[in-house]
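Visitor: Input: one structure, supplied below.
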Amino acid sequence: MKQPAVSTSHIHLTAVRMIVLSLCFTSASAQGPQFQDLSLRDAIQSALNKRAELRAAAQTQESAIQLRRQARFIPNPRLFYQSENLRPGVDFLQGVDTYAYASEVLEVSGRRGTRIAAADSAVHRAQLTLEQQRRIIELRVAQAYWEALRLQYLRTLADQSVGFYREILDYHQKRFNEGKIAAVDLLRVRLEEARAEASADSSRLAEAQAKQRLAREMGLIITNNWRLTESFDVLNSPKEPVSTNDPQDERIEVSLARQAIDAARANLMTQKAQGRPDIDALFGYKRTAGFDTMIAGFQLNLPVFDRNQGAASAARFDVEASQSMLAAARQQSASDLALARMSYDTWRRQVSERYRPLLDQAVDIANISRAAYREGGTDLLRLLDSERLRVDTQSAWVEALGNYHQSVLSLEYAEGLEP
């Protein structure tokens, strides 16, 4: 049997060029200039500008800032005017006692300081909550983007398979018309071409749905004709963590747990201050029997029975509970980081050491089978089997690449980094 003289290196280079170049240019040339390029950074920026959750968190932060402004004010003074011994026929200036004085609460208990500290803590929590909301949105946009890019890649591969089967079908239709092949061989190719068409339709639907989910994460109602421009087949490395000792402590959840301790301590100081009395000082004027005099004094509650002991004790337990929650958050963050590193290392190894060589071999086999079939060196079943092997291997490789990109996002988030 005559064997085709086919260069494996040439076939491999041609196949790789076909895959990479088609992802960059095929869709654009087929659909025209109405496609809009969309990078990951553009998608994240759109979400930061349009997501209503971020506006709500920013407004909550502004509310906390205004409450902190209110906490800094001292209590308003009180004005008293009082007339005594009023009766019919009395001389108002000589027979009526008149008092006019003002009082001011002096917060010697420390309530003002604790009130300001609690308001500062609330502002800090609102800031962290806004940051947490922003990071979660960035993560979800990035996850949706890479998932949509994976499906865009699969759709391109599916279109390539359709083109191949159409080419084979045209070739066999001509040979059938010439009486050189059996009808069953033509029917088999038609079935494979129809299966490839159905797979391509499913890929286009999955891509459209993924881009619609991406649009939702970006704060848009409907998707545009996007062409996602990030390099899907490039193993982008995760960013370096800020802290080399405990990078999981950089996570916003741990920062929120720390802030909860500060808030609980501020509340404890507030409850203690509530159990101490403030002084209500007064100063004013008194007129009695035509004589003008000055009056001064103060009043305060005597903390004999109620010193706010119960609320202070409850606040101490809140501090201890917040410390326990911080320990739980740090433990959870450390576990998430270990899992993220494990996933990243596994998928990086799988893509570079296992799926990449398998893909190269499957592409080589498919191209050699095509060339051999045209030279009469193999039969139709072997050709179709090699093509199915190529498609299945490419799909597995794309799936592994998608998992790799998702593992990078998870690792960066576990280390407190932005995507």
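The values are calculated or read from the model by the stated rules, or taken from the named source; none is laboratory data. Computed from a prediction, not measured in an experiment: that's the story for all the values here. As a convention, Cβ positions derive from the backbone with ideal geometry for all residues, glycine included, and neighbour counts pool all protein chains shown.
Visitor: Across region 112-130, which residue is surrounded by the fewest Cβ atoms within 10 Å (Cβ to Cβ) among those that are of a type in the set (D, E, K, R) and out of contact with any Ser or Thr (no Cβ under 8 Å at 6 or more places or on another chain)?
Guide: So the residue we want is Asp120.
Visitor: Follow-up question, since we're still on this one. Among residues belonging to region 369-382 that are surrounded by 19 or more Cβ atoms within 10 Å (Cβ to Cβ) and within 49 Å of the chain's Cα centre (by Cα), point out the one that is farthest from Tyr171 (Cα to Cα).
Guide: So in region 369-382, the residues surrounded by 19 or more Cβ atoms within 10 Å (Cβ to Cβ) come out as 369-370, 372-373, 378.
Imposing the further condition that a residue be within 49 Å of the chain's Cα centre (by Cα) reduces the set to 369-370.
Working: Ser369: 15, Arg370: 12 Å.
Among those that are surrounded by 19 or more Cβ atoms within 10 Å (Cβ to Cβ) and within 49 Å of the chain's Cα centre (by Cα), it is Ser369.
Visitor: Would you point out which residue out of Leu169, Leu154 is modelled with pLDDT under 95, within 27 Å of Asp379 (Cβ to Cβ) and part of a helix (DSSP H, G or I)? Don't jump to the end; show me each part of the working.
Guide: On the way: Leu154 fails: within 27 Å of Asp379 (Cβ to Cβ).
The unique qualifying residue is Leu169.
Visitor: So, one more: Just give me the residues in region 212-240 being under 17 Å from Gln406 (Cβ atoms) and among the charged types (D, E, K, R), in sequence order.
Guide: Step one: list which residues in region 212-240 are under 17 Å from Gln406 (Cβ atoms), which gives 213-214, 217, 228, 230-239.
Hits for region 212-240 are Arg213, Glu217, Glu230, Asp233, Lys239.
For (1) surrounded by fewer than 17 Cβ atoms within 10 Å (Cβ to Cβ); (2) more than 30 Å from Ile137 (Cα to Cα); (3) in contact with a helix residue (DSSP H, G or I) (Cβ under 7 Å, 6 or more places away or on another chain), each residue gets a yes or a no:
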| residue | (1), (2), (3) |
| --- | --- |
| Gln160 | no, yes, yes |
| Gln173 | yes, yes, yes |
| Glu178 | yes, yes, no |
| Arg190 | yes, yes, yes |
| Ala198 | yes, yes, no |
| Asp201 | yes, yes, no |
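Visitor: Still on this model: Quick one: Ser109 ticks every box in (1) under 30 Å from Ala281 (Cβ atoms); (2) surrounded by fewer than 15 Cβ atoms within 10 Å (Cβ to Cβ) except a single one, so which number is it?
Guide: Of everything listed in (1) under 30 Å from Ala281 (Cβ atoms); (2) surrounded by fewer than 15 Cβ atoms within 10 Å (Cβ to Cβ), Ser109 misses just condition (2).
Visitor: Which one of these does Ala183 not meet: (1) under 25 Å from Leu389 (Cβ atoms); (2) in contact with a helix residue (DSSP H, G or I) (Cβ under 8 Å, 6 or more places away or on another chain)?
Guide: The failed condition is (1).
Visitor: Quick check on region 163-185: of everything there that is of a type outside the set (Val, Ile, Thr) and closer than 14 Å to Glu197 by Cβ, which residue is farthest from the chain's Cα centre (by Cα)? Break it down stepwise before answering.
Guide: Going residue by residue through region 163-185, those that are of a type outside the set (Val, Ile, Thr) are 163-167, 169-180, 182-183, 185.
Okay, now just the ones that are also closer than 14 Å to Glu197 by Cβ, so 163-167, 169.
Values: Gly163: 39, Phe164: 40, Tyr165: 41, Arg166: 43, Glu167: 45, Leu169: 47 Å.
Among those that are of a type outside the set (Val, Ile, Thr) and closer than 14 Å to Glu197 by Cβ, it is Leu169.
Visitor: Return the residues of region 183-231 that are of a type in the set (Ser, Thr, Tyr) and at pLDDT below 90; say none if nothing qualifies. If you could, list the steps in order and put the result at the bottom.
Guide: Initial filter on region 183-231 (of a type in the set (Ser, Thr, Tyr)): 199, 202-203, 223, 229, 231.
Thr223, the sole residue that qualifies.
Visitor: Between residues in region 174-201 that are over 24 Å from Gln152 (Cβ atoms) and residues that are small (Gly, Ala, Ser) and in a loop (DSSP other than H, G, I, E, B), which pairs lie under 9 Å by C-beta distance while being six or more apart or on different chains?
Guide: Filtered contacts from region 174-201: Phe176/Ala182.
Visitor: Count, please, the residues in region 311-331 that happen to be small (Gly, Ala, Ser), surrounded by fewer than 15 Cβ atoms within 10 Å (Cβ to Cβ) and within 18 Å of Leu256 (Cα to Cα). Break it down into steps so the answer makes sense when it comes.
Guide: Let us first name the residues in region 311-331 that are small (Gly, Ala, Ser), namely 311-315, 321-322, 324, 327-329.
Then drop every residue that is not surrounded by fewer than 15 Cβ atoms within 10 Å (Cβ to Cβ), which leaves 313-314, 321, 324, 327-328.
Remaining after also requiring within 18 Å of Leu256 (Cα to Cα): 321, 324, 327-328.
Number of matching residues: 4.
Visitor: Looking only at region 106-143, count every residue that is among the charged types (D, E, K, R) and not in a helix (DSSP H, G or I) and tell me the total.
Guide: Result for region 106-143: 1.
Visitor: Output the residues belonging to region 240-286 that are within 25 Å of Glu138 (Cα to Cα), of a type in the set (Asp, Glu) and in a helix (DSSP H, G or I).
Guide: Selection gives Asp249, Glu250, Glu253.
Visitor: Determine whether region 234-242 contains at least one residue that is under 30 Å from Ala340 (Cβ atoms), loosely packed, with under 15 Cβ neighbours inside 10 Å and of a type in the set (Ser, Thr, Tyr). Outline the logic, then answer.
Guide: So in region 234-242, the residues under 30 Å from Ala340 (Cβ atoms) come out as 234-242.
With loosely packed, with under 15 Cβ neighbours inside 10 Å added as a condition, the list becomes 234-237, 239-240, 242.
Filter once more, so that each one left must be of a type in the set (Ser, Thr, Tyr): 237.
Looking through region 234-242, at least one residue is under 30 Å from Ala340 (Cβ atoms), loosely packed, with under 15 Cβ neighbours inside 10 Å and of a type in the set (Ser, Thr, Tyr).
Visitor: Looking only at region 290-328, count every residue that is aliphatic (A, V, I, L, M) and part of a helix (DSSP H, G or I) and tell me the total. Please lay out each step first, then the result.
Guide: Within region 290-328, the subset aliphatic (A, V, I, L, M) is 294-296, 300, 302, 304, 311-312, 314-315, 319, 321, 325-328.
Filter once more, so that each one left must be part of a helix (DSSP H, G or I): 311-312, 314-315, 319, 321, 325-328.
Qualifying residue count for the region: 10.
Visitor: Please work out which one of (1) at pLDDT below 90; (2) buried (at least 22 other Cβ atoms within 10 Å of the Cβ) is the condition Phe164 fails and give its number.
Guide: (2)
Visitor: Across region 33-63, what is the number of residues that are in contact (Cβ under 8 Å) with a residue 24 or more places away in the chain, closer than 29 Å to Ala142 by Cβ and in a helix (DSSP H, G or I)?
Guide: Taking region 33-63 first, the residues in contact (Cβ under 8 Å) with a residue 24 or more places away in the chain are 34-40, 43-44, 46-54, 57-58, 60-61, 63.
So of that shortlist, the ones also closer than 29 Å to Ala142 by Cβ come out as 34-40, 43-44, 46-54, 57-58, 60-61.
Now drop any that are not in a helix (DSSP H, G or I), which leaves 40, 43-44, 46-50, 52-54, 57-58, 60-61.
Selection size over region 33-63: 15.
Visitor: Six or more apart or on different chains, Cβ atoms under 7 Å: show the pairs whose first residue is in region 218-230 and of a type in the set (Asp, Glu) and whose second is not in a strand (DSSP E or B).
Guide: Glu230/Ser39; Glu230/Leu40; Glu230/Leu149
Visitor: Among what's in region 243-274 and is hydroxyl-bearing (Ser, Thr, Tyr) and at pLDDT below 90, pick the residue that is surrounded by the most Cβ atoms within 10 Å (Cβ to Cβ).
Guide: Taking region 243-274 first, the residues hydroxyl-bearing (Ser, Thr, Tyr) are 243-244, 255, 270.
Of the ones still in play, those that are also at pLDDT below 90 are 243-244.
Numbers: Ser243: 11, Thr244: 7.
Applying the filter and picking the extreme gives Ser243.
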